[in-house]
Amino acid sequence: MVDREGQQLGNYRLLRLLGKGGFAEVYLGEHLRLGTQAAVKVLYARLASPDEVAGFEKEAQTIAHLKHHHIVRVLDFDVHDDTPFLVMDYAVSGTLRQRHPKGRVLPVPTIISYVKQAAEALQYAHDKKLIHRDVKPENMLLGEREELLLSDFGIALIAQSSRYQGTQDLAGTIAYMAPEQIQGHPRQASDQYALGIVVYEWLSGDRPFHGSYREIAVQHTIAPPSSLHEKVPAISTDVEQVLMTALAKDPKERFGSVQAFARALEQACQSNVVALAKPPVPATQAEAQVPGVVTPSSSSVVQIPPVVMPSTLPPTLPDTPPSPSKQPPAISRPLGTTLYTYRGHSAKIGALAWSPDGMRIASASEDKTVQVWDAATGKNLHTYTGLSKGVLAVAWSPDGKDLAFTSASIAQVWDTATDKLLLTYEGHTSRLTALAWSPDGKRVASGSIDKTVQVWDAATGKRVVTYRGYASPISALTWSPEGKRLAFSSGSIAQVWDTATDKLILTYEEAVPRLTGKGHQVHKGQLSAVAWSPDGKYIASGGDSATVQVWVAE
């Protein structure tokens, strides 16, 4: 495939490649005179004959006339050296596939929001006798206000009607194709079927059919989808029935319109939430469930994990979650009383962090997930999946808006309000073991098995400083309360650094701090924890020696 960066197509200069698909490449383009930016989709198709060019122009004109607030606008189109291209609005926030990678389970309210917007766009096109033919997360973009924008109307038809044969892309998008479309007879209900597959994937983290292109095509045609309830027991039979209707093999058995499907799904999900919020609890039951929690499947990430309370407590907590501006409601209980048990994870917990406002808890696990849940009720708010390794460290930004956590040798920072990945830090060469946000929220410090501590900009991911030369992996780190000093442990020593001057203040090796030179007796074993006192004058450290040393840091 040709690298077109720097080339000119029509009135646009191609700045950089944004992405590739089976039908086309997408570049960020800049208008030569206006300086405005747009997405330039360059099709792989070669239009060698006048009839092919005329066919492309006809389809492009049809797409360009679609004007809807949930459809990406086509601004221009042309053919350059037999290569067709379209100029479209540039969606800076990317696609839903980028926002929610494969395998991620989405919260039901998020799914409903996406489905309603996509269905509105599809219904608009259907009313104009148009079929999308390629509904999938990769063709759902996010606008400046996080609104869904459906793209690539008719692109599959343009590509497939040309001399280009997109076998590779078909193998990728066959997962969403309706049986009649596979047989060459797409209709409006085919888009409903594809949207149903997308919903199935968002609810369960998996698609209903797997295998080669031919195997998936056959399954679409004759095999019923895998039971959604078996994968996600929290899903009601009403929700599954709505989805199975949209996925009916016969298009006549599906909903009368794609918007009818969206409305039915929303109603079923609302009923499901009501049912989950008020479970029947016998008065003599030994364990009472908190409202809004269900039992998860061991083979899937469930949106609303369970919490179990001792029988001595009331069977319910308040149905209305606490206001974000207030602290969780105080519960008068004897000291040591277990309020609830959160059971959303399936493996060892590696790290816990309470949000600064006390409203949420983030838990990280060897099950390769980070889960954020309501501190008052235990209700799951979001699950971050798709991580390559178990998570050993998690940290909230001081304002509670962002969440940083580790996986293998990388650290990620997420906006918890929008579920948007803000940055990925890849400065380490081995698994990260520790993470700490500076009190001003501007920097993050990370420690690793690679025996380095790295401080980086929390907004850009740019490395600020690296502390190296240690004999053992970094086991723990912490910022001083005023944010000017950083303490961390490696092996049996702990060090304190001035982060403004990058000067070593002291090295601690048992009970006597020193500036330089050989130390006295060292900790018996490895240090695993360090913590500052609130006034910044002292540090506590402990580890394998089964002792905690409190020492002067200022």
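The values are calculated or read from the model by the stated rules, or taken from the named source; none is laboratory data. The structure presented is a predicted model; accordingly, all values stated were derived computationally and were not measured. Every residue, glycine as well, gets a Cβ built from its backbone with ideal geometry; the counts of neighbours run over all protein chains shown.
Couple of notes before you dig in:
- Odd one out for residue 449, checked against (1) β-branched (Val, Ile, Thr); (2) touching a residue at least 40 places away in the same chain (Cβ under 8 Å); (3) surrounded by 15 or more Cβ atoms within 10 Å (Cβ to Cβ): (2)
- Which numbered condition residue 452 misses (of (1) at pLDDT 95 or above; (2) within 30 Å of residue 146 (Cα to Cα)): (2)
- Residue in region 437-449 that is touching a His at 6+ places or on another chain (Cβ under 9 Å), closer than 23 Å to residue 370 by Cα and assigned to a loop (DSSP other than H, G, I, E, B) present: yes
- Test: residue 12 is of a type outside the set (A, V, I, L, M, F, W, C), over 19 Å from residue 72 (Cα atoms) and crowded, with 18+ Cβ neighbours inside 10 Å: no
- Selection from region 495-535 of residues that are at pLDDT below 85 and not in a loop (DSSP other than H, G, I, E, B): 513, 514
- Among the residues making up region 217-239, those that are under 14 Å from residue 267 (Cβ atoms) and either not assigned by TED's automatic domain parsing to the domain that holds residue 196 or not hydroxyl-bearing (Ser, Thr, Tyr) (or both) are 238, 239.
- Scan of region 450-480 for residues that are assigned to a loop (DSSP other than H, G, I, E, B) and closer than 23 Å to residue 493 by Cα, ordered by number: 450, 451, 452, 468, 469, 470, 471, 472, 473, 480
- Unique match (being under 25 Å from residue 150 (Cα atoms) and among the polar types (S, T, N, Q)) among 237, 245, 221: 245
- Total residues in region 80-100, condition assigned to a strand (DSSP E or B) and either buried (at least 19 other Cβ atoms within 10 Å of the Cβ) or at pLDDT 90 or above (or both): 6
- Test: residue 442 is basic (Lys, Arg) and under 24 Å from the mean Cα position of the chain (by Cα): yes
- Residue pairs whose Cβ atoms lie under 6 Å apart, sitting 6 or more positions apart in sequence or on different chains, and linking a residue in region 398-422 that is surrounded by fewer than 19 Cβ atoms within 10 Å (Cβ to Cβ) to a partner that is among the aliphatic types (A, V, I, L, M), are 415/422; 422/413.
- Filter result (part of a helix (DSSP H, G or I) and without any contact (Cβ under 8 Å) to a residue 60 or more places away in the chain) within region 231-251: 237, 238, 239, 240, 241, 242, 243, 244, 245, 246
- Within region 187-216, residues that are under 17 Å from residue 134 (Cα atoms) reach partners that are among the hydroxyl-bearing types (Ser, Thr, Tyr) and assigned to a helix (DSSP H, G or I) with beta carbons closer than 6 Å, at six or more positions or on different chains, in the pairs 194/176; 197/176.
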